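> Starting off with a structure, shown below.
The values are calculated or read from the model by the stated rules, or taken from the named source; none is laboratory data. Just so it is clear, the model here is predicted, and its values are computed rather than measured. Backbone-built Cβ (ideal geometry, glycine too); neighbour counts: all protein chains shown. Ligands, DNA and RNA are excluded from the accessible area calculation, which covers all protein heavy atoms including side chains. Shrake-Rupley method; radii C 1.70, N 1.55, O 1.52, S 1.80 Å.
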Amino acid sequence: MKRKSISYAKWGYIFIAPFFIVFLVCTFYPLLSTFYNSLFENYWDASTFSQVGPNFVGLGNFKKLFTADAKGNVDILTYTANTMIMWIAGAIPQLAFSLLLAVIFTSTSLNVKGQTFFKTVIYLPNLIMAAAFAMLFFTLFSNVGPINQIISGGVSDKIVDFFNNVVTSRGIIAFINFLMWFGNTTIMLMAGIMGIDQSLLEAAAIDGATSGQVFRKITLPLLSPILVYVIITSLIGGFQMYDVPQVITSGLGNPNRSTMTLIMYLNRFLGTTKNYGMAGAVSVLVFIITGILSFGVYRSIVSGRSDPKPKKSKSKGVL
Amino acid sequence: MKNFKRNLALLSALALAGTMLAGCGDNTTTTTDDAATTTAAADAAADAAADNGDAAASDDAAADTTTAEAASADAASAGTGITLSDTEGKVFNIYAWNEEFKGFFEKYYTVPEGVTVNWVINPSDGGVYQQKLDEALSGQDAAAADDKIDMFLAEADYIAKYTNAAVTMDVTSIGVQPLDTEYDYTISAASSSDGTLKGVSFQCCPSGLIYRRSIAEAVLGTSDPAEVQEQLSDWTKFDEVAAKAKEAGYLMTPSYAETYRPFANNITTDWVDADGNFQVDDQVKAWIKQAKNYVDNGYTLTGGVWSDEKSAEMGKDGKAMCFFGPAWYYNFCMGPAWDEETGSKGDWALIEGPAAHFWGGTWLLAATGTDNPEMVADVMNAFTANEDICSKLVSEENQFSNNTAVNQKFADDASYGNELLGGQNDTAVFVELAKNIKFRSTPYGQVFNEDVPGCFVDYFTGSITEAEAWANVDKVLDEKCPSITHDCSGYAAE
């Protein structure tokens, strides 16, 4: 007698179903509806107390976004640049600092004591709400705040108007993001480094490699999958930068809109007017830009570093 | 130890969850309980069953016209705990953007028995209040009787948006009549463009120049109101004194935006013309010129009109001489000045200043579809016609009431004086200033009076040119006022 074979495959599908259901309802549907909304003129007109639209306008909203002003500037590109500048200014030191900390903490020769304590401490800033962090820094650096009291008390007779200066206001925002996220990145990178086979490092050391060489030739290449993950998540997070600059500048992106990020710009269309069409168009652009950049980062790191097989690669990596 | 760790983990998880929810704190709903909640709920259910849709609402209106005359007759005793008819709802919903009126309401208004007052407060910043209010008003028809907005507050800048819309109702039909004792502009502001009265204001907001006596003494050689007024009676003189103040080591104003209202309230062209085009009056341009001059010369500070930097100038060691504000300003904005230790109580005086103007003002509007028309009328009458309540607003809250008889009474009372102003009878000054109010309101008023001037901060501090600031105005209008056409590229002075 032949027994029927039992397939457990359906259990696999059942177990992964919750994720797909949640994904479809909470991510995929809103995504499609954003695309759909971006094609309509649809807002609340306060002057007549009535809804305008939704009227189909095709790519009209996108056209409006890319219309240059009198001086030939396209605002949406300025805001994209603002977002990228503030992200990079926060992400590069964050990556460098986290990498350094991760190497120190995982180094067998240094054998740092009290690791759990330090890991907890560096992760703590991430537990504080970004808005609270932003308020704190706003108070610290305001014209009547403690930093300026110190400055006017001894260093100089004039106060420094931190939030009326492009470099300092962007710098403060980048610094807050750095402070909030370096702990998270450190822990990711530590996990990555600890996943590297110690015997490789020992072998290199026996062969006479300096610790710098070990880091550059062994640790970094083997760390690249984690690095890709860290950079891409940081990039996506960076492009969604909103709460810190929003709170610090009361949503105005001052000075002269130099700290206006894409999502803050999107938010300006919501509020009283509820301009879903324009806000949808900005969202779609953020989606496209983030998608392209993430893909770019992925390709450049994956094809440039951790592809041991000499496959004929069609595209040349950037790095 | 293990237990300790577990507890610690639990605690931190709770703290995390707590902070996540803390962000939702914008919308505060507080309830004043005047009846046991259980009876209120039971009544509410019965009420909802009775008040079924529009048919019942029109019944209400019919019933109200008969009571209207009776109501206006005893308007003077409104707010003393009236007995409501059975058709009235048991929950009274009020939308507001701060606690100011709530304070007066809870102190002076006697809530009719069995009614629960529900305050929904959203901050005004960035138009949040209007956004939430518009959403709620749009859903008014579908809301259950006890969830319907009964009354909401609207500010001078944008009241026109609501008075001209169908979401506010004619209050003369429920027993609120325009009174001779109310200031005319408060009545016209609360009326639609065809003259239908939609609500009342509990205050009148002529605004004056509030100066620091000790600084005036140092700069002008006198602190007497009449003599100071003489030296600050127009903008040319004001600018000259600003230079003198600087020489003497003082600031003329505490914020670049301090003189905005005195200029902007004297505009002679509307912000938006009949065809929906944005236009800027010369008064606003004059303000931009003055503010730039003041910042460049160090006559003022670069913080906004609500900034901490400005508030600090009201303290004991403040250097700023001139503030502009109406009666609500003392309580609402001059907090630091009141402090016995670190403040400057008594060192102030009120005069008209270089230009007659008003600032703000809060109106109470009746929402269409309210299930509490009698109470709406009672609240409105209480804060305009009830002389007892109006008197308390003046004597206990330093307000300038919307009742000419009451205000005149205090103006004529030689023994009445304001402690903050060193005993000066400010009501007497406001009575004169109230005669010159030129009221204007436009649906996008909050954007025009807050966001548009805000675009010029960067110009004043020197980081952009005036033309760039005007370009930023265009951007703000694109974002916030999609239905108006605008082109500010030609407005820059250079």
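> Pull out all pairs, ordered by first then second residue, where Cβ-Cβ is under 8 Å, the residues are six or more apart or on different chains, the first lies in segment B:98-114 and is in a helix (DSSP H, G or I), and the second is of a type in the set (Gly, Ala, Ser).
Filtered contacts from segment B:98-114: B:Lys102/B:Ala96; B:Tyr108/B:Gly79; B:Tyr108/B:Ala382.
> A follow-up question, please. Please determine, by comparing only the residues of segment A:154-183 that are open to solvent by less than 50 Å² (accessible area, probe 1.4 Å) and not in a helix (DSSP H, G or I), which one is nearest to A:Arg257 (Cα to Cα).
The extreme case among them is A:Asp161.
> Failed condition for A:Val52, given (1) of a type in the set (A, V, I, L, M, F, W, C); (2) under 20 Å from A:Val286 (Cα atoms); (3) open to solvent by less than 40 Å² (accessible area, probe 1.4 Å), with all others met?
Failed condition: (2).
> For segment B:368-403, name all the residues that are at pLDDT 85 or above, more than 28 Å from B:Leu133 (Cβ to Cβ) and of a type in the set (Ser, Thr, Tyr).
Result: B:Ser391, single match.
The rows are residues; the columns are (1) open to solvent by less than 10 Å² (accessible area, probe 1.4 Å); (2) not aliphatic (A, V, I, L, M).
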position	(1), (2)
B:Ala405	no, no
B:Gln408	no, yes
B:Asp413	no, yes
B:Gly417	no, yes
B:Lys435	no, yes
B:Phe448	yes, yes
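> Could you check, for segment B:340-349, whether at least one of its residues is in contact (Cβ under 8 Å) with a residue 60 or more places away in the chain and charged (D, E, K, R)?
Yes, segment B:340-349 has at least one match.
> Another one. Taking segment B:176-190 only, how many residues are assigned to a helix (DSSP H, G or I) and not small (Gly, Ala, Ser)?
Residues in segment B:176-190 being assigned to a helix (DSSP H, G or I) and not small (Gly, Ala, Ser): 4 in total.
Results for (1) in a loop (DSSP other than H, G, I, E, B); (2) within 12 Å of chain B (Cβ to nearest Cβ); (3) in contact with a His (Cβ under 9 Å, 6 or more places away or on another chain), shown as yes or no for each residue.
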{"residue": "A:Val103", "(1), (2), (3)": "no, no, no"}
{"residue": "A:Thr120", "(1), (2), (3)": "no, yes, no"}
{"residue": "A:Thr139", "(1), (2), (3)": "no, yes, no"}
{"residue": "A:Val144", "(1), (2), (3)": "yes, yes, no"}
{"residue": "A:Gln149", "(1), (2), (3)": "no, yes, no"}
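> I would also like to ask the following. Would you check if B:Lys345 is of a type in the set (Lys, Arg), open to solvent by 40 Å² or more (accessible area, probe 1.4 Å), within 14 Å of chain A (Cβ to nearest Cβ) and over 27 Å from B:Gly175 (Cβ atoms)? Step through it out loud before you land on a result.
Numbers: of a type in the set (Lys, Arg): yes; open to solvent by 40 Å² or more (accessible area, probe 1.4 Å): yes; within 14 Å of chain A (Cβ to nearest Cβ): no; over 27 Å from B:Gly175 (Cβ atoms): yes.
No.
> Could you check segment B:285-381 for strands (runs of 3 or more DSSP E) lying wholly inside it with 1 or more residues that are farther than 30 Å from B:Met151 by Cβ, in the same structural domain as B:Ala469 (by TED's automatic domain parsing) and touching a Ser or Thr at 6+ places or on another chain (Cβ under 6 Å)?
On the way: elements: B:322-325, B:348-351, B:362-366.
Fully inside segment B:285-381 and qualifying: B:322-325.
> Quickly run through segment B:413-438 and pick out the residues that are at pLDDT 85 or above and over 17 Å from B:Leu350 (Cβ atoms).
Across segment B:413-438, the qualifying residue is only B:Ser415.
> Looking at segment B:448-494, which of its residues are hydrophobic (A, V, I, L, M, F, W, C), more than 10 Å from chain A (Cβ to nearest Cβ) and over 21 Å from B:Lys289 (Cα atoms)?
So in segment B:448-494, the residues hydrophobic (A, V, I, L, M, F, W, C) come out as B:448, B:452, B:455-457, B:460, B:464, B:467, B:469-471, B:473, B:476-477, B:481, B:484, B:488, B:492-493.
With more than 10 Å from chain A (Cβ to nearest Cβ) added as a condition, the list becomes B:448, B:452, B:456, B:473, B:477, B:492-493.
Passing the criteria: only B:Leu477.
> Since B:Phe400 meets every condition but one in (1) more than 10 Å from chain A (Cβ to nearest Cβ); (2) touching a Lys or Arg at 6+ places or on another chain (Cβ under 6 Å), which condition does it not meet?
Evaluating B:Phe400 over (1) more than 10 Å from chain A (Cβ to nearest Cβ); (2) touching a Lys or Arg at 6+ places or on another chain (Cβ under 6 Å) leaves (2) as the failure.
> Give B:Ala136, B:Ala165, B:Ala189, B:Ala145 a once-over and let me know the one that is of a type in the set (Gly, Ala, Ser) and either in contact with a Gly (Cβ under 7 Å, 6 or more places away or on another chain) or at positive phi (or both). Please lay out each step first, then the result.
On the way: B:Ala136 fails: either in contact with a Gly (Cβ under 7 Å, 6 or more places away or on another chain) or at positive phi (or both); B:Ala165 fails: either in contact with a Gly (Cβ under 7 Å, 6 or more places away or on another chain) or at positive phi (or both); B:Ala189 fails: either in contact with a Gly (Cβ under 7 Å, 6 or more places away or on another chain) or at positive phi (or both).
So the residue among B:Ala136, B:Ala165, B:Ala189, B:Ala145 that is of a type in the set (Gly, Ala, Ser) and either in contact with a Gly (Cβ under 7 Å, 6 or more places away or on another chain) or at positive phi (or both) is B:Ala145.
> Kindly indicate whether A:Thr48 is at pLDDT below 85 and within 13 Å of chain B (Cβ to nearest Cβ).
Judged against the criteria, A:Thr48 is a match.
> Since B:Asn472 meets every condition but one in (1) closer than 23 Å to B:Met334 by Cβ; (2) open to solvent by less than 30 Å² (accessible area, probe 1.4 Å), which condition does it not meet?
Unmet condition: (1).
> State the number of residues belonging to segment A:24-44 that are within 14 Å of another protein chain (Cβ to nearest Cβ) and surrounded by fewer than 18 Cβ atoms within 10 Å (Cβ to Cβ). It would help to see each step written out before you state the result.
Of the residues in segment A:24-44, the ones within 14 Å of another protein chain (Cβ to nearest Cβ) are A:40-44.
When the remaining residues are screened for being surrounded by fewer than 18 Cβ atoms within 10 Å (Cβ to Cβ), the result is none.
Within segment A:24-44, residues that are within 14 Å of another protein chain (Cβ to nearest Cβ) and surrounded by fewer than 18 Cβ atoms within 10 Å (Cβ to Cβ) number 0.
> Restricting to segment B:112-136, count the residues that are crowded, with 19+ Cβ neighbours inside 10 Å, in contact with a helix residue (DSSP H, G or I) (Cβ under 8 Å, 6 or more places away or on another chain) and within 14 Å of another protein chain (Cβ to nearest Cβ).
5
> If a residue must be closer than 30 Å to A:Ile196 by Cα and crowded, with 18+ Cβ neighbours inside 10 Å, how many such residues does segment A:73-102 contain?
10
> How many residues are within 11 Å of another protein chain (Cβ to nearest Cβ) and in contact (Cβ under 8 Å) with a residue 12 or more places away in the chain if we restrict to segment B:307-327?
Initial filter on segment B:307-327 (within 11 Å of another protein chain (Cβ to nearest Cβ)): B:307-313, B:315.
Pick out the ones that are also in contact (Cβ under 8 Å) with a residue 12 or more places away in the chain and you get B:307, B:309-313, B:315.
Summing the residues that are within 11 Å of another protein chain (Cβ to nearest Cβ) and in contact (Cβ under 8 Å) with a residue 12 or more places away in the chain in segment B:307-327 gives 7.
> Scan (1) in contact (Cβ under 8 Å) with a residue 60 or more places away in the chain; (2) farther than 20 Å from B:Val272 by Cβ; (3) in a loop (DSSP other than H, G, I, E, B) for the single condition B:Asp157 breaks and write down its number.
(2)
> Among the candidates B:Phe238, B:Phe202, which residue alone is surrounded by fewer than 24 Cβ atoms within 10 Å (Cβ to Cβ) and of a type in the set (Phe, Trp, Tyr)?
Exactly one residue qualifies, and that residue is B:Phe238.
> How many residues are more than 13 Å from chain B (Cβ to nearest Cβ) and under 15 Å from A:Thr249 (Cα atoms) when one looks only at segment A:152-169?
Here the count works out to 0.
> So, one more: Tell me, yes or no, whether segment A:66-74 has at least one residue that is in a helix (DSSP H, G or I) and either away from chain B (no Cβ under 14 Å) or under 24 Å from A:Asn256 (Cα atoms) (or both).
no
> If B:Pro354 passes every condition in (1) under 21 Å from the mean Cα position of the chain (by Cα); (2) farther than 30 Å from B:Gly79 by Cβ but one, which one does it miss?
Status for B:Pro354: all satisfied but (1).
> Being hydroxyl-bearing (Ser, Thr, Tyr), more than 23 Å from the chain's Cα centre (by Cα) and either within 14 Å of chain A (Cβ to nearest Cβ) or closer than 16 Å to B:Ala327 by Cα (or both), is that true of even one residue in segment B:438-447?
no
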